[in-house]
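The values are calculated or read from the model by the stated rules, or taken from the named source; none is laboratory data. Because the structure is a prediction, the values reported are computed rather than measured. Note that we place each Cβ from the backbone using ideal geometry, even for glycine, and neighbour counts take in every protein chain shown.
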Amino acid sequence: MKDLLKILLGFLPWILFGIMAGPPLTRLELALAVALAATLALGVKQLRKGFFLTWGSLLFFFFSFILVTFLKNLWVVENMDLLARAVLAVIAWGSIIAGQPFVSQYARESVPEAYWHTPEFIHTGYFISIVWGIIFLLALGASLFRPYLDQMTGWLYPLLATGSMFLGIIFTQWYVHRVRRARKT
């Protein structure tokens, strides 16, 4: 349960942003301000430790806030959904390419240091981060094809875009529990 809370807190700025963002422009500006504040308030420790998700969130929400609130960049406003999903995919895949899967960064906070360099811990961090990367790419694809998905059915886009994050959280919790249970036997 502690792992689930850490994952939720890591994604909380994104969840808040997803719930709050929308027309009119003032609502998007408020969503960006809340997500930026939540990233700073909840992520001080992770920012100091160089967590990919927290730094990516901070940079995205900060620059988006500036571009939307002060510069009134309509291209960013119109493409915010696509940009947000692209940034999440870049965070996940970038952390993997950099050799520091973002999931492993969170796992180190609740796993004793003696396990950090074991093949099981390393594999689990990469595997779960890859699953998240795939989930973010699927959500990005849903954003790219949103006009078509909305024409086909009104429920498919929200299911692919928003439901995918909750599916990732559930999968992560299940997989970590499975690995821990296997380690005890």
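Scanning segment 84-113 for residues that are under 22 Å from Leu16 (Cβ atoms) and surrounded by fewer than 18 Cβ atoms within 10 Å (Cβ to Cβ) yields Val90, Glu109. Looking across Ser95, Ser110, one residue alone is of a type in the set (Ser, Thr, Tyr), in contact (Cβ under 8 Å) with a residue 24 or more places away in the chain and touching a Phe, Trp or Tyr at 6+ places or on another chain (Cβ under 6 Å). It is Ser95.
Could we say that Phe127 is surrounded by 17 or more Cβ atoms within 10 Å (Cβ to Cβ) and at pLDDT 95 or above here?
Working: surrounded by 17 or more Cβ atoms within 10 Å (Cβ to Cβ): no; at pLDDT 95 or above: yes.
Answer is no for this residue.
Name the residues in segment 68-82 that are on the phi < 0 side of the Ramachandran plot and either small (Gly, Ala, Ser) or surrounded by fewer than 19 Cβ atoms within 10 Å (Cβ to Cβ) (or both), would you?
Across segment 68-82, the qualifying residues are Thr69, Phe70, Leu71, Asn73, Leu74, Trp75, Val76, Val77, Glu78, Asn79, Leu82.
Going residue by residue through segment 170-178, is there one that turns out to be on the phi < 0 side of the Ramachandran plot, charged (D, E, K, R) and surrounded by 12 or more Cβ atoms within 10 Å (Cβ to Cβ)? No.
Does Glu120 qualify as being on the phi < 0 side of the Ramachandran plot, among the acidic types (Asp, Glu), surrounded by fewer than 20 Cβ atoms within 10 Å (Cβ to Cβ) and assigned to a loop (DSSP other than H, G, I, E, B)? So Glu120 fails the test.
Within the set Met20, Met80, the sole residue that is in contact with a Leu (Cβ under 8 Å, 6 or more places away or on another chain), touching a residue at least 12 places away in the same chain (Cβ under 8 Å), of a type outside the set (Val, Ile, Thr) and farther than 27 Å from Gln173 by Cα turns out to be Met80.
Total residues in segment 99-117 satisfying the condition of being of a type in the set (Gly, Ala, Ser) and not in a helix (DSSP H, G or I): the figure is 2. Considered as a group, the residues in segment 99-136 that are under 15 Å from Gly10 (Cα atoms) and among the polar types (S, T, N, Q) include one that is nearest to the chain's Cα centre (by Cα), and that residue is Ser129.
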